[in-house]
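Written below as structure tokens is the structure these notes are about.
No lab work stands behind these numbers, since they all come straight from the coordinates. Given the structure is predicted, the values throughout are model-derived calculations rather than measurements. With ideal geometry, Cβ positions are generated from the backbone for all residues, glycine too; neighbour counts draw on all protein chains shown.
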């Protein structure tokens with residue numbers, strides 16, 4: 001292996017040691033790559049690998065790599081796309097609405113506009129609780145209101161944050177919003193078709209992309225595959241009815257459970273109902289990691305560009321990270337680490 005590698009980012013180069021983590025090498029050279037969790041979960045540091053090879057930090061069916069996980073093993077060329085600068089601002093909860101048995105709509109009022117691209121996500125921290133990643137979206141009904149951000153949050157029974165919505169977290173609760181992050185945002189001025197796929201609350205960023213795409217060109221061809229586990233989880237029916245009014249829009253709602261309520265609702269996985277893709281299509285996906293990875297693979301085989309942001313449940317990721325950190329401290333302080341692990345498992 002070479003001792004040094006050359007990293008070219010957006011046509012500007014800097015040297016790095018082979019074997020170094022890409023994000024560390026960039027920051028050491030004064031290159032401010034967007035990043036957040038440093039554990040390959042949030043996706044904030046994903047960049048497009050144009051040429052070269054890295055070890056780790058990538059899915060072979062995706063041209064994006066996690067800079068915080070990828071180690072340099074050759075000269076590489078990477079690209080980032082222009083996006084709004086990341087900022088942090090404080091606000092308050094303006095409304096909490098139950099959209100389905102397991103999904104809440106949360107409106108957050110901010111002192112001024114918050115710039116983000118349709119499809120991006122933010123880090124949201126309710127005062128007194130750990131931060132979580134949620135996607136701002138367009139209202140399901142009506143028009144957006146100035147200085148108001150809308151989020152769809154799935155409730156987990158053991159969630160440190162989501163289980164407290166409507167209880168400890170109420171209207172007026174203080175919030176800090178940081179971002180934006182993510183790469184599954186709308187690429188404007190695309191002349192071909194757009195295919196969107198979402199599962200669960202991954203609908204929020206894809207709904208934002210759909211609205212922006214139609215506002216840009218109302219006659220464009222757009223296919224939206226919307227997946228939910230159960231019929232009662234299709235909380236977005238009002239939004240889908242609005243979207244279906246446009247002439248070249250096709251809506252394909254799917255559920256995992258068998259149902260005979262309507263022939264318009266398909267049964268099965270989102271991948272069972274994808275259209276035949278072509279190199280002229282742009283594909284955007286948000287939802288469960290297994291789904292996003294499978295659709296990215298299908299898109300790659302068809303020659304279509306695909307942009308994904310896997311929807312890793314923040315509650316699960318936080319729990320895994322806590323356990324990993326505790327296990328790592330066993331050698332230094334076994335009694336304390338075992339206490340933390342036991343408490344985590346018991347709670």
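When only Cα pairs under 8 Å and 6 or more residues apart are kept, what is the percent relative contact order across the range 87-181?
Numbers: 193 pairs, mean separation 40.3, N = 95.
So the answer I get is 42 percent.
If you wrap a convex hull around the Cα atoms of the range 76-227, how much volume per residue is inside, in Å³?
With only Cα atoms used, the range 76-227 gives 145 Å³ per residue.
If you take every DSSP beta bridge whose two residues both sit in the chain, what share of them, in percent to the nearest 5, is antiparallel?
About 60 percent, rounded to the nearest 5.
Order the peptides 41-49, 288-296, 108-116, 6-14 from the highest to the lowest mean number of other Cβ atoms within 10 Å of their residues.
Values: 41-49: 23.0, 288-296: 19.7, 108-116: 16.3, 6-14: 14.1.
Sorting 41-49, 288-296, 108-116, 6-14 by mean packing, highest first, produces 41-49, 288-296, 108-116, 6-14.
Show me the ranking of peptides 178-185, 218-225 by mean Cβ neighbours inside 10 Å, starting with the highest.
Working: 178-185: 23.6, 218-225: 18.4.
Top of the packing list down: 178-185, 218-225.
List 123, 230 from most exposed to least, where exposure is judged by having the fewest other Cβ atoms within 10 Å.
Least to most surrounded, the residues fall as 230, 123.
I need the shape label for the range 4-79. Rule: rounded when a/c is under 1.5, else prolate if a/b > b/c, else oblate, with a, b, c from the alpha carbon gyration tensor. Each step should come with its number before you reach the end.
Working: a/c = 1.45, a/b = 1.18, b/c = 1.22.
It comes out rounded by the Cα gyration axes.
When a/c is below 1.5 the answer is rounded, else prolate if a/b is larger than b/c, else oblate, so apply that to the range 194-310 with a ≥ b ≥ c taken from the square roots of the Cα gyration tensor eigenvalues.
Judged from the Cα gyration tensor, the range 194-310 comes out oblate (a/c at least 1.5, b/c at or above a/b).
Taking only DSSP H segments of four or more residues, each worth -39500 (n - 2.57), what value at 222 nm results for the chain once the sum is divided by all its residues, to the nearest 500 deg cm²/dmol?
After summing the helix terms and dividing by residue count, I get -6000 deg cm²/dmol.
Can you give me the pair-distance distribution of the chain, C-alpha pairs, 20 Å bins, whole percents?
Pair shares across the bins are 28, 57, 15, 0.
Take the alpha carbon atoms of the range 23-163, find their radius of gyration, then divide it by 2.2 N^0.38 Å using N residues; give the quotient. Kindly include the intermediate steps, with their values, before the conclusion.
Details: Rg = 17.8 Å, N = 141, 2.2 N^0.38 = 14.4 Å.
This ratio for the range 23-163 stands at 1.24.
Counting only C-alpha contacts under 8 Å and six or more residues apart, can you give the relative contact order of the range 48-87 as a whole percent?
The value is 47 percent.
Over the chain, calculate the relative contact order: mean separation of alpha carbon pairs under 8 Å at least 6 apart, over the residue count, as a percent.
RCO, the chain: 13 percent.
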